[in-house]
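What follows is one structure encoded as structure tokens, with my remarks underneath.
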Amino acid sequence: MTEEIAAFDAYQRTTNAVIQEITDDGVVLDRTVFYPRGGGQPGDTGMLVTGGGPIPVLDTFKKGGEVSHRIEDGNLTAGMDVEAVIDWDRRHLLMRTHTALHALSAVIWRDFDAKVTGGNMEPGTARMDFELESISMDFGQEVAEVLNAELSRDLEVSVHFLPREVALADPDLIRTKVNLLPDFIDPIRVIDIDGLDKQADGGTHVRSTAEVGRVLVTRTESKGKANKRIRIELAG
């Protein structure tokens, strides 16, 4: 199994690695800093650097439990040493976006007692759906003010791993309408925003809410009965 460095340290940008396998889907390494897409977060892009030069990585995903790096082309073979290098600017923007979504879900859960019904993100923009019956015309502006006030508190964001039975015994850790955690995941990775939010999550995050910056609520929509969508965008 590939050692997934991003699960423990989202700030590591490069690592030396050895190619374990090359399949029709991509390149499997013994260790990687690339995050495989999942939970609404896109997979990392970047490059694999060899003695012959850099080879672009177009996407990262999991298949059969292994992390696969999709490349355009390259003269690669199993056993070869490479340097895995992520596109840091893109990754960091995704980290800020992901932490903003967690803060948003915390505010909606705390103030409106509403669970998440869906979500997705791209670098700098995202949407999240909530189990809300109705929202006012000023709902987006009100949420934005509360959300930015929480982010400006410079709250620490940390990663913990809990035994599955301990994590599932805490109802606050599963904020989605449906529990999306496969039965085989144990321990469960938890993202803790100090004093604001604690959720089971596999994605990458910044170390502090202040690092997110200011967030705009660009639109609110009704997606049906008891399902309302909030779209956000990082201001800079």
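The values are calculated or read from the model by the stated rules, or taken from the named source; none is laboratory data. Owing to the predicted nature of the structure, the values given are computational and were not obtained by experimental measurement. Because the Cβ atoms are built from the backbone with ideal geometry, glycine has one as well, and the counts that use them run over all protein chains shown. Keep in mind that these areas ignore ligands, DNA and RNA; they rest on the heavy atoms of the full protein, side chains included. Shrake-Rupley method; radii C 1.70, N 1.55, O 1.52, S 1.80 Å.
Of the residues Asp172, Asp138, only one is acidic (Asp, Glu), farther than 29 Å from Asp89 by Cα, modelled with pLDDT of 90 or more and surrounded by fewer than 19 Cβ atoms within 10 Å (Cβ to Cβ); which?
The unique qualifying residue is Asp138.
Within the group His69, His102, which residue is within 21 Å of Thr204 (Cα to Cα), in contact (Cβ under 8 Å) with a residue 60 or more places away in the chain and either in contact with a strand residue (DSSP E or B) (Cβ under 7 Å, 6 or more places away or on another chain) or part of a helix (DSSP H, G or I) (or both)?
Working: His69 fails: in contact (Cβ under 8 Å) with a residue 60 or more places away in the chain.
Going through His69, His102 in turn, the sole match is His102.
Residue by residue through region 188-212, note down the ones that are under 18 Å from Thr125 (Cβ atoms) and open to solvent by less than 30 Å² (accessible area, probe 1.4 Å).
Answer for region 188-212, where residues must be under 18 Å from Thr125 (Cβ atoms) and open to solvent by less than 30 Å² (accessible area, probe 1.4 Å): Gly203, Thr204, His205, Val206, Val212.
Here is a yes/no grid of residues against (1) at pLDDT below 90; (2) aliphatic (A, V, I, L, M); (3) within 15 Å of Ala100 (Cα to Cα); (4) open to solvent by 20 Å² or more (accessible area, probe 1.4 Å):
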{"residue": "Arg127", "(1), (2), (3), (4)": "no, no, yes, yes"}
{"residue": "Glu156", "(1), (2), (3), (4)": "no, no, yes, yes"}
{"residue": "Phe161", "(1), (2), (3), (4)": "no, no, no, yes"}
{"residue": "Asp186", "(1), (2), (3), (4)": "yes, no, no, yes"}
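Go through Arg110, Arg91 for me and flag whichever is open to solvent by less than 60 Å² (accessible area, probe 1.4 Å) and part of a helix (DSSP H, G or I).
Unique residue meeting the criteria: Arg91.
Considering only region 96-107, I want to know if a residue exists there that is open to solvent by 20 Å² or more (accessible area, probe 1.4 Å) and either more than 30 Å from Ile193 (Cβ to Cβ) or touching a helix residue (DSSP H, G or I) at 6+ places or on another chain (Cβ under 7 Å) (or both). Even if it seems obvious, please write down each step before you answer.
First, pick out the residues of region 96-107 that are open to solvent by 20 Å² or more (accessible area, probe 1.4 Å): 96.
Narrowing further to those that are either more than 30 Å from Ile193 (Cβ to Cβ) or touching a helix residue (DSSP H, G or I) at 6+ places or on another chain (Cβ under 7 Å) (or both): 96.
Yes - at least one qualifying residue is present in region 96-107.
Out of Val27, Val33, Val18, report the one residue that is over 27 Å from Leu162 (Cα atoms) and surrounded by 14 or more Cβ atoms within 10 Å (Cβ to Cβ).
On the way: Val33 fails: over 27 Å from Leu162 (Cα atoms); Val18 fails: surrounded by 14 or more Cβ atoms within 10 Å (Cβ to Cβ).
Of Val27, Val33, Val18, the one residue that is over 27 Å from Leu162 (Cα atoms) and surrounded by 14 or more Cβ atoms within 10 Å (Cβ to Cβ) is Val27.
Among residues belonging to region 113-124 that are in contact with a helix residue (DSSP H, G or I) (Cβ under 8 Å, 6 or more places away or on another chain) and open to solvent by 60 Å² or more (accessible area, probe 1.4 Å), point out the one that is farthest from Val212 (Cα to Cα).
Per the stated criteria, the residue is Lys115.
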